[in-house]
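A.B. asks: Quick one: the structure is below, and I'll ask about it shortly.
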Amino acid sequence: MSGIFNSSIGRKIAMALSAFFLMIFLLQHFVINSLSVINPDTFNEVSHFMGTNWLIQYIMQPVLIFGVVFHFIMGFILEIKNRRARQISYAKNNGAANSTWMSRNMIYSGMVILAFIVLHFIDFWFPEINTKYIQGDMSGMHNGEFRYFHELQEKFLSPARVAAYVIAFVFLALHLLHGFTSAFQSMGSTAGRKKAMQNFGKAYAIIIPLGFIIIALYHHLNHH
Ligand code: HEM
């Protein structure tokens with residue numbers, strides 16, 4: 001197993017696989033949270049299903065958290081190794097000439113997303129884990145009705161939190177603008193359809209973060 005991580009190809013493939021997993025998570029997370037704008041009752045029902053379904057809670061959630069932690073650790077390892085390699089090659093050719101700002105700054109957009117995830121876990125995930133697994137209340141109820149929609153709305157009252165989320169989502173877009181196609185390239189699966197893949201990647205990298213920005217601003221401006 002460790003052999004894979006000893007080769008730069010192996011590390012890049014591992015990074016790409018964790019990126020694919022997180023991009024699929026982000027899509028489902030966006031769809032579920034966009035329900036909070038479209039239909040709060042459906043959002044409550046879907047949140048309760050996701051929050052109490054054993055497959056999601058005991059299989060998918062641990063795999064997701066492992067995927068998040070793995071992606072960040074591998075990201076730092078790759079950055080350190082790339083910097084060492086770059087120092088050697090930079091003298092020969094101006095590396096900046098043929099790379100985008102996004103590709104040269106993945107570690108910084110990644111660090112902003114990491115800071116967001118920490119805030120986000122404090123805001124949503126830790127309270128969820130506390131209510132269900134420490135307090136032992138799996139009912140999802142508060143004052144006789146589902147609690148998920150109201151808890152989400154409460155979080156978006158604070159202008160400072162909304163500003164932090166919106167800034168993080170802009171950096172998420174910058175990270176995905178390079179990360180999406182780069183992950184497919186690492187897997188060698190852009191052959192012959194590079195243009196289509198790049199356009200799809202650009203659309204994903206803009207629509208998903210923009211959608212999250214709209215969700216955050218909607219709840220800040222429309223408090224029920
Ligand atoms: C407006 C945007 C967002 C809203 C309203 C939102 C809402 C939530 C909620 C309610 C939970 C708790 C779910 C539960 O554990 O039952 C959660 C968890 C989580 N969120 Fe978000 N989220 C947003 C954006 C994001 C983004 C952009 C990312 C990744 C970059 C993200 C990553 C996660 C992760 C990893 C978890 C913990 C795993 C899980 O429980 O699903 N979220 N979020």
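A.B. asks: For TYR218 and GLN198, calculate 0.36 nm times their separation in residues minus their Cα-Cα distance, and state this gained length in nm to one decimal. Intermediate results must be reported in sequence, preceding the final value.
C.D. replies: Values: separation 20, 0.36 × 20 = 7.20 nm, distance 2.99 nm.
Between TYR218 and GLN198, full extension yields an extra 4.2 nm.
A.B. asks: What does the convex hull of the Cα atoms come to per residue for the chain, in Å³?
C.D. replies: Output value, Cα hull per residue: 150 Å³.
A.B. asks: Taking every eigenvalue of the Cα gyration tensor of segment 25-68, multiplying by 5 and rooting it, what semi-axes result, largest first, whole Å? Don't jump to the answer; show the numbers that get you there.
C.D. replies: Values: eigenvalues 86, 34, 5 Å².
They are 21, 13, 5 Å, listed largest first.
A.B. asks: Can you return the lysines within cross-link range of LYS81? Criterion is Cα-Cα under 28 Å, with same-chain partners fewer than 8 residues away left out.
C.D. replies: Once the sequence-local lysines are set aside, what remains near LYS81 is LYS12, LYS92, LYS194, LYS202.
A.B. asks: Grab the Cα-Cα distance for LEU114 and GLN57, subtract it from 0.36 nm times how many residues apart they are, and report the gain in nm with one decimal.
C.D. replies: Working: separation 57, 0.36 × 57 = 20.52 nm, distance 2.21 nm.
The span from LEU114 to GLN57 would gain 18.3 nm if fully extended.
A.B. asks: HN-Hα J couplings of segment 200-217 from phi, Karplus 6.51/-1.76/1.60, θ = phi - 60°, integer Hz, Gly and Pro as x?
C.D. replies: Result, rounded to whole Hz: 5, x, 4, 4, 4, 5, 9, 5, 5, x, 5, x, 5, 4, 4, 4, 5, 5.
A.B. asks: Another question, then. In nm, what is the difference between 0.36 nm times the number of residues separating ALA163 and HIS150 and their Cα-Cα distance?
C.D. replies: Numbers: separation 13, 0.36 × 13 = 4.68 nm, distance 1.98 nm.
Residue separation times 0.36 nm, minus the Cα-Cα distance, leaves 2.7 nm.
A.B. asks: Name the residues whose placed amide hydrogens come within less than 5 Å of the amide hydrogen of HIS142, ignoring near sequence neighbours (fewer than 5 apart) on the same chain.
C.D. replies: Amide H neighbours of HIS142: ARG147.
A.B. asks: Take every Cα pair under 8 Å in segment 105-224 that's 6+ residues apart, average their separations, divide by the length, and report that relative contact order as a whole percent.
C.D. replies: 35
A.B. asks: Below 8 Å between Cα atoms, with a sequence gap of 6+, how large is the relative contact order for the chain in percent? Before the final figure, lay out each step's value.
C.D. replies: On the way: 167 pairs, mean separation 67.2, N = 224.
Here the relative contact order equals 30 percent.
No lab work stands behind these numbers, since they all come straight from the coordinates. These numbers come from a predicted model, not from an experiment.
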